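> Just dropping this structure here.
The values are calculated or read from the model by the stated rules, or taken from the named source; none is laboratory data. Everything numeric here is computed off the predicted structure, so don't read it as measured data. Cβ coordinates were reconstructed from backbone atoms using ideal geometry, including for glycine residues, and neighbour counts include every protein chain displayed. Side chains are part of the model used for accessible areas, which takes the heavy atoms of the whole protein and leaves out ligands, DNA and RNA. Shrake-Rupley method; radii C 1.70, N 1.55, O 1.52, S 1.80 Å.
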Amino acid sequence: MSDPNDASPTGMSRRALARGTAATGLAALFGATATGTATAATHRAAPRKSTATSQTATATATRTVTPLGPRTLDVSLPSTALGRSAPVRLILPSSFGAQPSRTYPVLYLLHGAHDDYTSWTRETDVVAFTEGRELIVAMPDAGPTGIPTAWRDGPDYETFQVDEVPALLARDYRASGVRAVAGVSTGGYGAMAHAARHPGTFAAAASYSGILDTMAPGVPSLMDAIVARENLAPRSLWGNPFLNLLTWRDFNPRSRAAGLRATALYVSSGSGVAGGTGDWLPEALESALWPSAHAFTDTLARLRVPVTTHFYPGGGHSWAYWKREFGASWPMLAGALGVPA
């Protein structure tokens, strides 16, 4: 199976690329012409050299494992859903080696657009934070767009993340059936979409600045911009948002919100430009997603599905806010996983 997310980037950093996407997406939303950062970002991002290259990889019949530290490893998992092997970074429990018969709950952390499965360990202290809390943390790949879904013309990242990675963890790393999922930006979309489309699979789901109503005014154009930034055909995602309306609805967290009744939920988003930090691109993108997040939580309210929300003034589409929101949502996630808060 060919993978439209396999484009080989060259040129600039993923952060610069993400800023270019923000400008391009906002141009699509507001009918403006993106300049400056967006123009520069037409060059593809250079591949980030993994720290794993200095490690000794060990192979088994089903996977390739690269140790990164006492508790951290990268697994290259052969995937039928993707038609290739794809990476997932794992943080193992502190007691994993000492208690060989123990099983552990799993927290899935999903990355955003134009980033990768290394983002959570690169941008946060999640390794140190989970020390002694006795859970597995799994950070699966979602391709360069970071949209973890079943693509109309390409890979099925939803099956990879919801079925294949959990099967690996249950088989080889003693994962229990208790799961929670959290994500940033397009990963926030994935967290809510996975939980809504697979009711009962996740005990909790958290979204930080996620795209939670993919059919809100202007949002299909933003999704197209994310896809196009990776030199992929926009319609390769879910097709045309009008001609393929039922497909767009099927993958829209807001449209599938009734599936979240049995899941503990946390949703956070900033208002962006008004009261922000002065960095207009991430602030403007955060502002653009604000109505989508509210439409999603309003739908939950109408359905009487409980959700903890934190809609804060200002803020931007960046890790400076997502790290804080992860901390704020941790008691909910920990309670669902049955680990210390």
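> Which ³J(HN,Hα) values in Hz, rounded to whole numbers, follow from the phi angles of region 235-251 under the Karplus curve 6.51 cos²θ - 1.76 cosθ + 1.60, where θ = phi - 60° and Gly and Pro get x?
Each residue's phi maps through the Karplus curve to give 6, 6, 6, 10, x, 6, x, 9, 5, 10, 4, 5, 5, 4, 5, 4, 9 Hz.
> Here's a follow-up. Which whole-number value in Å² is the accessible area per residue of region 93-174, probe 1.4 Å?
Numbers: 2510 Å² over 82 residues.
I get 31 Å² per residue for this part.
> Please compute P(r) over all alpha-carbon pairs of region 197-314, binned at 5 Å starting from zero, and give each bin as a whole-number percent.
Once binned at 5 Å, the Cα pair distances of region 197-314 give 2, 11, 19, 21, 19, 16, 10, 3, 0.
> Arrange the residues HIS294, HIS111 by how much accessible surface each exposes, largest first, with a 1.4 angstrom probe.
On the way: HIS294 50, HIS111 5 Å².
Order by accessible area, largest first: HIS294, HIS111.
> If you wrap a convex hull around the alpha carbons of region 124-229, what volume per residue comes out, as a whole number of Å³? Could you put the intermediate results ahead of the total?
Values: hull volume 12.5 nm³, N = 106.
Hull volume normalised by residue count: 118 Å³.
> From the convex hull of the Cα coordinates of region 106-163, what is the mean projected area in square nanometres? Provide the component values of the computation, followed by the final result.
On the way: hull surface 16.3 nm².
For region 106-163, averaging the hull's shadow over all directions gives 4.1 nm².
> Shifting gears a bit: What FRET efficiency comes out for the pair THR64/ALA228, r = Cβ-Cβ distance, R0 = 35 Å, nearest 0.05?
Details: r = 32 Å, r/R0 = 0.92.
Efficiency, rounded to the nearest 0.05: 0.65.
> Using only the Cα atoms of region 185-239, what do you get for the radius of gyration and for Dmax, in Å?
12.5, 36
> Rounded to the nearest 20 Debye, what is the dipole magnitude of region 270-341 about its Cα centre when Lys and Arg each give +1 and Asp and Glu each give -1 at the C-beta? Spell out each step's value before the answer.
Numbers: 4 positive and 5 negative charges, 58 e Å.
Roughly 280 debye for region 270-341.
> I've got another one for you. Can you give the Kirkwood hydrodynamic radius of region 302-341 from its Cα pairs, in Å with one decimal? List each step's numbers first, then the result.
Numbers: mean 1/r = 0.0835 Å⁻¹.
Across region 302-341, the inverse of the average 1/r is 12.0 Å.
> Here's a follow-up. Over all directions, average the projected area of the Cα convex hull of region 276-335 and note it in nm².
On the way: hull surface 18.0 nm².
Average of the hull's projected areas for region 276-335 equals 4.5 nm².
> Nearest-5 percent of antiparallel DSSP beta bridges in region 93-234? Provide the component values of the computation, followed by the final result.
Numbers: 1 of 15 bridges.
Expressed as a percentage, antiparallel bridges in region 93-234 total about 5.
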